[in-house]
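Laboratory data are not the source of any read-out in this text; all were calculated from the coordinates shown. Because the structure is a prediction, the values reported are computed rather than measured. So basically every Cβ, Gly included, is an ideal-geometry build from the backbone, and we count neighbours across all protein chains shown.
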């Protein structure tokens, strides 16, 4: 056995993560815990009670809740003991894939991903096999519950990942129903980037008053491998600027974020009309259309992707060199989420915000809140 894995001084061993899981983490290049992992893992392993954690995408949340969840499963018991709920199909599949990777060297824990867009009958058939953890989107989980394809009566741990996104997508009623069906759970672990009133109501309704609370500082979630840039650009010149930028990228791939569906569709048409290899991801796409776009992007048949914030949730594409913000988002959490699509796995990346000259103070505000430094883009 690797001495680093048996040594309690190993960063993850000191959090209580067992050696067989550490071996899997090291193969994935995960050696140093993030802040959310340092704060969450010891609590969940030693206590395991209700948890409310404020953390953005890209902070290492999946390992933070996934490692303790896997550790608490009984591999000899074939019933579903853990449930993870996520807002989108992509995020659910991403979580399922990570949980599978974490268990490469452990006793086998079976994970099933249930999400819309996949064959319902096949998912129901898969649930007849021993399954300890289910990762699901709320709508598809309820579809399968109505078919009696599974039961939540043996579930002991429920994770609500990106809870604010699930509520903003209209899943409040479904979440309430699912949590009632998982009434025998020992604890609920809720992760959310923001805490609007709806989240507060959900917390009051499904969690104990003494739930442990963890907040991750904005500044600590920002990947230091990302170079933050801004370019002063009038609104009517932004499409032209982006087109010129993309033409110079050679083989580099990236994402362009727009605030609205109509804005994303318009920009995508303008760029495609100039012969650029661009596709668009926005909320009105059917699941089959969304899958087609994501396949083309992942297989590099499409070099650039224009997306809205909600439509981009759960995207995990390797080797993206840059992110462009057509406009800065309304919420600081969305800036962190957007820019976190680049500079993954120790690579460098750039986040470039296009700013109307009269909006320049927004850059100063971002610098102060995230404790990062923006420099002006010079082509």
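Tell me whether segment 157-199 comes out rounded, prolate or oblate; compute the Cα gyration tensor, take square roots of the eigenvalues as a ≥ b ≥ c, and use a/c under 1.5 as the rounded threshold. Show your work: numbers first, answer last.
Values: a/c = 2.50, a/b = 1.46, b/c = 1.71.
Taking the square roots of the gyration eigenvalues as a ≥ b ≥ c, segment 157-199 is oblate.
Between segment 326-379 and segment 257-287, what's the alpha-carbon centroid distance in Å?
Each part reduced to its Cα centre gives a spacing of 21 Å.
Run the numbers on segment 1-137 and let me know its relative contact order in percent, using alpha-carbon pairs under 8 Å that are six or more apart.
Details: 173 pairs, mean separation 34.2, N = 137.
Over segment 1-137, the number comes to 25 percent.
Looking at the chain as a GNM with Cα springs under 10 Å, which of 186, 89, 156 has the largest mean-square fluctuation?
Top of the fluctuation ranking is 186.
Only bridges whose two residues both fall in the chain count here: according to DSSP, what percent of them are antiparallel, nearest 5? List each step's numbers first, then the result.
On the way: 0 of 51 bridges.
Approximately 0 percent, going by the DSSP bridge assignments.
What do you get for the angle between helix 35-46 and the principal long axis of the chain? Use alpha-carbon atoms, 0 to 90 degrees, nearest ten.
10
How far, in nm, would the chain grow between residue 208 and residue 148 when pulled straight, counting 0.36 nm per residue and subtracting the alpha carbon separation? Can you show the working numbers first?
Details: separation 60, 0.36 × 60 = 21.60 nm, distance 2.90 nm.
In short, 18.7 nm is gained.
Between the alpha-carbon centers of segment 293-318 and segment 84-116, tell me the distance in whole angstrom.
So the two Cα centres are separated by 20 Å.
Could you list 168, 351 so that the one with the fewest beta carbons within 10 Å of its beta carbon is first and the one with the most is last?
168, 351
Can you tell which of 136, 243, 121 shows the greatest fluctuation in a Gaussian network model of the chain with Cα springs below 10 Å?
121
Among 245, 297, 230, which one shows the highest mean-square fluctuation when the chain is modelled as a Gaussian network with alpha-carbon springs under 10 Å?
Comparing 245, 297, 230 in a Gaussian network model of the chain, the most mobile one is 245.
Please determine, in degrees from 0 to 90 and to the nearest 10, the orientation of helix 287-298 with respect to the longest principal axis defined by the Cα atoms of the chain, where the helix direction is its Cα long axis.
The angle comes out at about 70 degrees.
To the nearest 10 degrees, how steeply does helix 172-181 sit against the main Cα axis of the chain, on a 0 to 90 scale?
Between the helix axis and the principal axis of the chain, the angle is about 20 degrees.
Quick one: order 65, 241 by neighbouring beta-carbon count within 10 Å, fewest to most.
On the way: 65 28, 241 19.
Fewest-to-most ranking of 65, 241: 241, 65.
Give me the percent relative contact order of the chain, please, defined on Cα pairs under 8 angstrom at least 6 residues apart.
Result for the chain is 18 percent.
Given the Cα-Cα distance of residue 104 and residue 252 and 0.36 nm per residue of separation, how much length would full extension add, in nm? Intermediate values should be presented prior to the final figure.
Working: separation 148, 0.36 × 148 = 53.28 nm, distance 3.23 nm.
This chain segment gains 50.0 nm when fully extended.
Let me know the shape class of segment 3-216, please: from the alpha-carbon gyration tensor, a ≥ b ≥ c as square roots of the eigenvalues, rounded when a/c is under 1.5, otherwise prolate if a/b is greater than b/c, or oblate.
Numbers: a/c = 1.73, a/b = 1.23, b/c = 1.41.
Judged from the Cα gyration tensor, segment 3-216 comes out oblate (a/c at least 1.5, b/c at or above a/b).
Would you mind ranking 233, 258 by Cβ crowding within 10 Å, fewest neighbours first? Don't skip to the end; give the middle numbers.
Details: 233 19, 258 25.
Listing 233, 258 from fewest to most nearby Cβ atoms yields 233, 258.
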